[in-house]
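Heads up: the structure comes next, in structure tokens.
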Amino acid sequence: MSPKKSPADLTGAAAPSPARGYERICESHVEAVRAAIPGAIQDVAWQTDDQVTVTVNIDTLPDVVAFLYYKRDGWLPMMVGNDERSLCGAYAVYYILSMEGQDRGWVVVRGEVDPVTREWPSVTPLVPACVWSEREVRDMFGLVPVGLPDKRRLVLPDDWPDGLYPLRKDAMDYRFRPEPVSDLESYKFLTETHGKETTVMPMGPMHITSDEPGHFRLFVEGETIVDADYRLFYVHRGMEKVAETRLNYDAVTFLADRVCGICGCAHSVAYAEAVERAQHIEVPERAQWIRAICLEVERLHSHLLNIGLVCHYAGFDTGFMQFFRVREKAMDLAEKLTGARKTYGLNVIGGVRRDILKEQRQDTIRIVRELRAEVRELVDVLMTTPNFESRTKGVGRLDPQIARDYSNVGPLVRGSGFDRDVRFVHPFDGYKALDPSRFKAASQASCDVQGRTLVRIQEFYDSLDMIEALLDGMPEGPILTEGWTYTPHVFGIGATEAPRGEDVHWAMVGDNQKCYRWRAKAATYSNWPTLRFMLRGNTVADAALIIGSLDPCYSCTDRVTVVDVHDGATKTITKDQLETYCVDRTHSPLLDD
Amino acid sequence: MSVFLAILQVVIVTLVAPLISGATRLIRAKMHSRKGSDVFQDYRDIAKLMTRQEVRSNTSSFVARVMPVLYFAVMVVLACGIPMITIASPVPLLGDIITVIYLLALSRFFFSLAAVDTSSAYAGRGGLRELIVGVLVEPTMLLALFAAALVAGSTNMGAMGLAVATGAVSAPVATFLAAVAFALACYVELGKVPFDMAEAEQELQEGPLAEYSGPSLALLKLSMSMKQVIVVSWFLAIFFPFGAAATLNFGTFLLGIVAWCLKVAVAFAVCAVVENSVMRTRYKLLGTQTWAIFGVSVLSFAFLIVGV
């Protein structure tokens, strides 16, 4: 039981290599663009081996992105806006494409936007996956995507003043809170009902099945949903602005943890990778393995949560609670490995803060075994629960073509027949060492809630196997690289497979030890825009289940109630008390009186 | 004497109903692997709600205001008429199965009307669902009860219960099938998962109940737990009257109370286990499941005609 040698399933995937006849990864894509759209490319630069940035003539930008997307098997996680007036005299937009067919790698299409007209041609009419990113850039930078049909705000609230664009470098201090300009919600919900008469069912801003505000409008005819629209970003926290102005680049890993209440580690690894790749930092192998293990632990508790929620939304609370009972073990495991019940506070630029020692290793192996046995039992129960089949089969269908157009991620896209998974498409960290014949992306072709649930169940078991395989083959050595050279104004992409899908971070550090621009894309960001297609044609009764099958993110804690189970006394600690205690670390509110 | 018995039944049902719903909650908590609150929690909830302020939608009319009281009144009337301790109904006028079905329909009608009245999307939808459940389940109830009534030769619950208790039924198989169909229909009527269509928490956020608060909500909660006890007693009175007093004296009276308590406890324990082991029926498919129950009642009718 003390394997030092590398077992059979750690043979490792082949390192990515250039396409035949080319010298560099992704060069084939660049040459294809050159041939298809002559005169578009102005400049080509490789940030790392597998990341190339192509600066194009802004007028040809939509054609180049659409060409790479549909003709070269590109998927588009996000686009990034950047205020580069102080660097090159213009704003810049970066369309990030993950090339997943031949010659895998990352191609970034960059266009410069004139700082006076502030307009650039929208790509959304050709590639729908850009819609949210372009709306966000319009909100945050005041750049206008010409031809984008949706003229509504996305991120900024309705009461935000016009003409104040928070992410422009000269716009505002991060502490500035503008006075609200309106008391009314002016967001227009759009609908395509094709002439049918519908009644409106509001879901939210607060709804019983979600702990976070999100405002859905269901346009229903009887029980059937004809169309749906939604307004999110009620809890936009301005993290990117804070990161750029308040924190140094190394502290942003801890802020990135807090992007999500569940998959924080995935964000923090993605951010760290973005900076490490841009700065060409070699992360020690042991640290890479530890990161992969913690990402898998995160997947364990996240998937158990979602499988439990499927039960809850279908009215089977017993299943929900039982999955939660078992999930506690995954949280214990996270606590053993990182010191926190969620896998927080692990990453720094260049490595990790905590090693996995012998005792933690043994505990991990034990807990993994227990989890496997207990979850297998519960999954059996779930599969044989009356009505499981009828509630989930054929419900919330996501058409594969829509998934392709919108670049969905995670179990959602894998439930619609694709096998997109960053861990296998662009192997990073410890995943590079996993045997590709043993570990594959889980995929189901049924396109419905059931398919997504089955994908999550399969991934849960895979994660357990991966943790064991990674622990078995963990290399010795340091866990942190120090003493690298800091280069300002270079950027990189970091991508991880979070439990809900692909997290992509784009980071450029500045000349002041801070991020010049950091863009974090959470997995769910790619999935929300297709929700309306999944809701159409289903019933109100299935709405919560469908929204849940997307596994949307929740994060909120502003106060804590402590109940003493022995004498029944309860005590509520206010947010202020909690904050004061977090800062001062004296006078614990629990020990008073 | 029978007036005294009727009043006693009302008192017992009113007092015991929160205990039963509390016990159901405890079983639920145990199956969830939670600690759960004790069986008296529902009394505390009702007491708390009684002291709370009442808030009403300003678009609602008197219907929404009257409904909780009316619902409670219907349950009180039903509690008088359904035999619990004795085989015969304490108030023979109210002991007819058709009266019971229509009284239940009356409460259901006002429940739905009040739900629509509040003009909340969720409450309204819950009200409509409640009506559809009624439309789907009432024919089954009627058919099963008619089969049993034909066997016993009367639509009075006392006479029907006596026939079953003494074994004086001409078609035992038909009676058994009628009992099965009626039991299933009663389960749907209880409004528990998988058939809690009107209040489906995750779908409709408690439906019509969401529009009530304070004393109205307390009264409604109490009445709804009373309804569950009444529906279960209704089934027991007709198809499982064993232990109930045929003639009234002190001994049979005590035995009748103990037997009723035991039967109700067992019935609710079974219901609690069932409701916590299933997923809610997909609303669209509700009709196909109630058809199966209807099929059983038709079968019992067919057996009755054949005479077995």
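The values are calculated or read from the model by the stated rules, or taken from the named source; none is laboratory data. The structure presented is a predicted model; accordingly, all values stated were derived computationally and were not measured. Cβ placement follows ideal geometry from the backbone for every residue including glycine, while neighbour counts extend to all protein chains displayed. Surface areas here come from the heavy atoms of the whole protein model, side chains and all, with no ligands, DNA or RNA. Shrake-Rupley method; radii C 1.70, N 1.55, O 1.52, S 1.80 Å.
Which of the residues belonging to segment A:81-105 are open to solvent by 10 Å² or more (accessible area, probe 1.4 Å) and among the charged types (D, E, K, R)?
Answer for segment A:81-105, where residues must be open to solvent by 10 Å² or more (accessible area, probe 1.4 Å) and among the charged types (D, E, K, R): A:Arg85, A:Glu100, A:Asp103, A:Arg104.
Among the residues of segment B:164-174, are any closer than 21 Å to B:Met75 by Cα and either in contact (Cβ under 8 Å) with a residue 24 or more places away in the chain or surrounded by 21 or more Cβ atoms within 10 Å (Cβ to Cβ) (or both)?
no
Can you pull out the residues in segment B:1-47 that are within 14 Å of chain A (Cβ to nearest Cβ), among the polar types (S, T, N, Q) and in a helix (DSSP H, G or I)?
Matches in segment B:1-47: B:Thr24, B:Gln41.
This table checks each residue for (1) modelled with pLDDT under 90; (2) surrounded by fewer than 24 Cβ atoms within 10 Å (Cβ to Cβ); (3) away from every other protein chain (no Cβ under 11 Å).
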| position | (1), (2), (3) |
| --- | --- |
| B:Gly191 | yes, yes, yes |
| B:Asp196 | yes, yes, no |
| B:Ala200 | yes, no, no |
| B:Gly207 | yes, no, yes |
| B:Glu211 | yes, no, yes |
| B:Leu217 | no, yes, yes |
| B:Lys221 | no, yes, yes |
| B:Val229 | no, no, yes |
| B:Trp234 | no, no, yes |
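Which members of segment A:345-398 meet the condition of being more than 14 Å from chain B (Cβ to nearest Cβ) and in a loop (DSSP other than H, G, I, E, B)?
Selection gives A:Gly345, A:Leu346, A:Ile349, A:Gly350, A:Arg353, A:Arg354, A:Asp355, A:Ile356, A:Leu357, A:Arg397, A:Leu398.
Give me the pairs, please: first residue somewhere in segment A:512-525 and touching a residue at least 12 places away in the same chain (Cβ under 8 Å), second residue anywhere and in a loop (DSSP other than H, G, I, E, B) and of a type in the set (D, E, K, R), beta-carbon distance under 7 Å, and either six or more positions apart or on two chains.
These pairs meet every condition: A:Ala523/A:Arg500; A:Thr524/A:Arg500.
Which pairs turn up if I take residues in segment B:221-247 that are among the β-branched types (Val, Ile, Thr) and look for partners that are open to solvent by 20 Å² or more (accessible area, probe 1.4 Å) with beta carbon separation below 8 Å, at least 6 apart in sequence or on another chain?
That search, which allows pairs on different chains as well, returns B:Val229/B:Val16; B:Val229/B:Ile20; B:Val232/B:Ala267; B:Ile238/B:Val164.
This table checks each residue for (1) within 14 Å of chain A (Cβ to nearest Cβ); (2) under 15 Å from the mean Cα position of the chain (by Cα); (3) assigned to a helix (DSSP H, G or I).
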| site | (1), (2), (3) |
| --- | --- |
| B:Pro241 | no, no, no |
| B:Leu248 | no, no, no |
| B:Val274 | yes, no, yes |
| B:Val278 | yes, no, no |
| B:Leu286 | yes, no, yes |
| B:Ala292 | yes, no, yes |
| B:Val296 | no, no, yes |
| B:Leu299 | no, no, yes |
| B:Phe303 | no, no, yes |
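Specify the residue that is surrounded by the fewest Cβ atoms within 10 Å (Cβ to Cβ); the eligible residues are those in segment B:33-83 that are touching a residue at least 24 places away in the same chain (Cβ under 8 Å) and among the aromatic types (Phe, Trp, Tyr).
B:Tyr43
Could you tell me how many of the residues in segment A:433-459 are surrounded by fewer than 18 Cβ atoms within 10 Å (Cβ to Cβ) and part of a helix (DSSP H, G or I)?
0
Tell me the residue from A:Leu164, A:Leu148 that is closer than 23 Å to A:Asn57 by Cα, surrounded by fewer than 20 Cβ atoms within 10 Å (Cβ to Cβ) and at pLDDT 90 or above, please.
Going through A:Leu164, A:Leu148 in turn, the sole match is A:Leu148.
Just to check your reading of the model, which residue among B:Leu184, B:Leu145 is open to solvent by 50 Å² or more (accessible area, probe 1.4 Å) and either at positive phi or in contact with a helix residue (DSSP H, G or I) (Cβ under 7 Å, 6 or more places away or on another chain) (or both)?
That would be B:Leu184, the only listed residue that is open to solvent by 50 Å² or more (accessible area, probe 1.4 Å) and either at positive phi or in contact with a helix residue (DSSP H, G or I) (Cβ under 7 Å, 6 or more places away or on another chain) (or both).
So if I check each of A:Gly339, A:Gly308, which one is open to solvent by 30 Å² or more (accessible area, probe 1.4 Å) and either more than 8 Å from chain B (Cβ to nearest Cβ) or farther than 21 Å from A:Ser549 by Cβ (or both)?
Of A:Gly339, A:Gly308, the one residue that is open to solvent by 30 Å² or more (accessible area, probe 1.4 Å) and either more than 8 Å from chain B (Cβ to nearest Cβ) or farther than 21 Å from A:Ser549 by Cβ (or both) is A:Gly339.
Being within 29 Å of A:Cys88 (Cβ to Cβ), touching a residue at least 60 places away in the same chain (Cβ under 8 Å) and of a type in the set (Phe, Trp, Tyr), is that true of even one residue in segment A:245-253?
Yes, because at least one residue in segment A:245-253 is within 29 Å of A:Cys88 (Cβ to Cβ), touching a residue at least 60 places away in the same chain (Cβ under 8 Å) and of a type in the set (Phe, Trp, Tyr).
Scanning segment A:405-422 for residues that are open to solvent by 10 Å² or more (accessible area, probe 1.4 Å) and in contact (Cβ under 8 Å) with a residue 60 or more places away in the chain, which turns out nearest to A:Trp289 (Cα to Cα)?
A:Arg420
Suppose we filter A:Asp257, A:Asp229 for residues that are open to solvent by less than 40 Å² (accessible area, probe 1.4 Å), under 30 Å from A:Gly351 (Cβ atoms) and more than 14 Å from chain B (Cβ to nearest Cβ); which single one remains?
That would be A:Asp257, the only listed residue that is open to solvent by less than 40 Å² (accessible area, probe 1.4 Å), under 30 Å from A:Gly351 (Cβ atoms) and more than 14 Å from chain B (Cβ to nearest Cβ).
List the number of the failed condition for A:Ile457; all other conditions in (1) touching a Gly at 6+ places or on another chain (Cβ under 6 Å); (2) more than 30 Å from A:Ala278 (Cα to Cα); (3) among the hydrophobic types (A, V, I, L, M, F, W, C) hold.
(1)
Mind telling me which of the residues A:Arg517, A:Arg500 ends up being in contact with a Ser or Thr (Cβ under 8 Å, 6 or more places away or on another chain) and in the same structural domain as A:Pro427 (by TED's automatic domain parsing)?
From the options A:Arg517, A:Arg500, the qualifying one is A:Arg500.
Mind checking which residues of segment A:423-432 are open to solvent by 20 Å² or more (accessible area, probe 1.4 Å) and closer than 17 Å to A:Arg299 by Cα?
Matches in segment A:423-432: A:Phe424, A:Pro427.
Does A:Phe316 satisfy being modelled with pLDDT of 90 or more, surrounded by 18 or more Cβ atoms within 10 Å (Cβ to Cβ) and not basic (Lys, Arg)?
Answer is no for this residue.
What are the pairs with Cβ atoms under 9 angstrom where one residue, in segment A:87-100, is without any contact (Cβ under 8 Å) to a residue 24 or more places away in the chain and the other, located anywhere, is open to solvent by 10 Å² or more (accessible area, probe 1.4 Å)? Sequence gap at least six, or different chains.
From residues that are without any contact (Cβ under 8 Å) to a residue 24 or more places away in the chain, the pairs are A:Ala92/A:Thr55; A:Ala92/A:Arg110; A:Ala92/A:Glu112.
Being open to solvent by less than 10 Å² (accessible area, probe 1.4 Å) and either basic (Lys, Arg) or not in a helix (DSSP H, G or I) (or both) is the filter here; which residues of segment A:520-537 pass it?
A:Lys521
Quick one: count up the residues across segment A:505-537 that are touching a Pro at 6+ places or on another chain (Cβ under 6 Å) and among the basic types (Lys, Arg).
The total comes to 1.
Tell me, which residue of segment A:198-223 that is surrounded by 16 or more Cβ atoms within 10 Å (Cβ to Cβ) and facing chain B (nearest Cβ under 10 Å) is nearest to B:Leu131 (Cα to Cα)?
Selected residue: A:Glu223.
Among the numbered conditions (1) among the hydrophobic types (A, V, I, L, M, F, W, C); (2) closer than 30 Å to A:Asn248 by Cβ; (3) modelled with pLDDT under 90, tell me where A:Val348 comes up short.
For A:Val348, the exception is condition (3).
Say whether the condition of being surrounded by fewer than 18 Cβ atoms within 10 Å (Cβ to Cβ) and touching a Leu at 6+ places or on another chain (Cβ under 8 Å) is met by at least one residue in segment A:480-498.
yes
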